[in-house]
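To start, the structure itself, in structure tokens.
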Amino acid sequence: MCGRYNIITDAQALVDYFDVLNEIDFSPRYNIAPSQDVPVVRQQDAGRELALLHWGLIPFWAKDEKLKYSMINARADTVHEKPAYREAFKKRRCLIPASGFYEWRKEKGRKQPYNIRLKDTDIFAFAGLWEHWEGPEGEVIDSCSIIVTEANKLIEPIHDRMPVILSTKGYDTWLDPDNHNTNTLRDLLTPYPPAKMECYPVSTVVNNARNEGADLIKEKY
DNA sequence: CCAGACGTTGTT
DNA sequence: GTCTGG
DNA sequence: CCAGACGTTGTT
DNA sequence: GTCTGG
């Protein structure tokens with residue numbers, strides 16, 4: 001699955017890479033955790049937009065915010081039919097920028113974190129969904145979830161699930177709110193080619209979501 | 001009809 | 001909002 | 001995802 | 001064990 005990741009570029013790099021129209025207030029992050037506001041690329045009528053959304057999707061019909069603790073990931077194989085996600089899957093797909101993500105491997109009673117990234121780029125995108133929620137007191141929260149699938153050969157030894165990473169070719173298809181071809185969309189939700197990724201152990205300092213900084217992605221020998 | 005869930009992963 | 005279970 | 005709280009009263 | 005916070 002995907003419960004912690006990093007974005008190690010500045011705001012301008014995100015704007016340039018995703019070709020969005022607006023500016024955004026963002027600094028590099030080494031330890032992004034659920035419940036935080038994360039940069040998300042959405043398709044607007046005029047073009048792409050970067051927005052900061054709460055990580056942990058709150059379905060539009062939710063009576064309170066309680067669900068935001070569990071909806072951080074959506075399974076690729078069922079996302080089109082699950083009550084909490086199917087509306088967002090139809091009309092509110094997004095890209096969730098990242099530079100890498102962390103997975104923990106259970107080894108003899110301990111949990112060893114790994115950083116996983118792409119060999120040839122500092123920026124890529126998870127396949128995501130977003131949702132608009134208005135609470136009974138008039139609160140408004142836009143939130144998002146990262147789609148997950150089975151692990152590829154690189155990740156398998158560490159964890160049996162991994163986030164869906166979209167190829168750049170898939171961005172437009174995924175973002176198009178008028179694309180209602182479920183099969184075409186689901187075809188994008190496959191494990192990324194392991195040959196294009198790399199994976200290495202890091203310090204358990206990343207475990208605590210309060211910790212930040214470049215040390216978090218240093219390889220642990 | 002109303003009540004309650006609506007999610008994922010991992011562990012026992 | 002919509003589906004399932006009772 | 002992991003870490004940390006999980007309770008009340010009264011005092012500083 | 002389960003929930004909340006980061």
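Taken as a whole, the structure places A:TYR192 among residues that are crowded, with 16+ Cβ neighbours inside 10 Å, under 22 Å from A:ASP120 (Cβ atoms) and out of contact with any helix residue (DSSP H, G or I) (no Cβ under 9 Å at 6 or more places or on another chain). A:VAL79 meets each of the listed conditions (1) touching a helix residue (DSSP H, G or I) at 6+ places or on another chain (Cβ under 6 Å); (2) at positive phi apart from (2). The single condition from (1) out of contact with any helix residue (DSSP H, G or I) (no Cβ under 7 Å at 6 or more places or on another chain); (2) within 16 Å of DNA strand B (Cβ to nearest atom) that A:THR9 fails is (2). Selection of the range A:2-23 for residues being crowded, with 17+ Cβ neighbours inside 10 Å, under 28 Å from A:ASN207 (Cα atoms) and of a type in the set (A, V, I, L, M, F, W, C) yields A:CYS2, A:ILE7, A:ILE8, A:ALA13, A:LEU14. For the range A:51-74, the set of residues classified as of a type outside the set (Phe, Trp, Tyr) and without any contact (Cβ under 8 Å) to a residue 40 or more places away in the chain consists of A:LEU52, A:LYS66, A:LEU67, A:SER70, listed by residue number. Restricted to the range A:1-23, and to residues there that are part of a loop (DSSP other than H, G, I, E, B) and among the acidic types (Asp, Glu), the residue that is farthest from A:ASN152 (Cα to Cα) is A:GLU23.
The criterion of at least 2 residues that are more than 10 Å from DNA strand B (Cβ to nearest atom) and either surrounded by 21 or more Cβ atoms within 10 Å (Cβ to Cβ) or among the polar types (S, T, N, Q) (or both) is met, among strands (runs of 3 or more DSSP E) falling completely within the range A:52-144, by A:93-98, A:100-107, A:110-118, A:124-134.
Within the range A:171-184, the set of residues being surrounded by fewer than 21 Cβ atoms within 10 Å (Cβ to Cβ) and in contact (Cβ under 8 Å) with a residue 40 or more places away in the chain comprises A:TYR171, A:LEU175, A:ASP176, A:PRO177, A:HIS180, A:THR182.
Looking at the structure I just gave you, is A:SER145 over 23 Å from A:LYS106 (Cβ atoms), modelled with pLDDT of 95 or more and hydroxyl-bearing (Ser, Thr, Tyr)? Against the criterion (over 23 Å from A:LYS106 (Cβ atoms), modelled with pLDDT of 95 or more and hydroxyl-bearing (Ser, Thr, Tyr)), A:SER145 qualifies.
Based on this model, can you work out whether A:ASP45 counts as closer than 17 Å to A:TRP133 by Cα, among the acidic types (Asp, Glu) and either assigned to a loop (DSSP other than H, G, I, E, B) or touching an Asp or Glu at 6+ places or on another chain (Cβ under 6 Å) (or both)? Spelling it out, it is not the case that A:ASP45 is closer than 17 Å to A:TRP133 by Cα, among the acidic types (Asp, Glu) and either assigned to a loop (DSSP other than H, G, I, E, B) or touching an Asp or Glu at 6+ places or on another chain (Cβ under 6 Å) (or both).
The values are calculated or read from the model by the stated rules, or taken from the named source; none is laboratory data. Bear in mind that the values here come from a model prediction, so they are computed numbers and not experimental data. In this analysis, Cβ positions are derived from the backbone assuming ideal geometry, glycine residues included, and neighbour counts consider all displayed protein chains.
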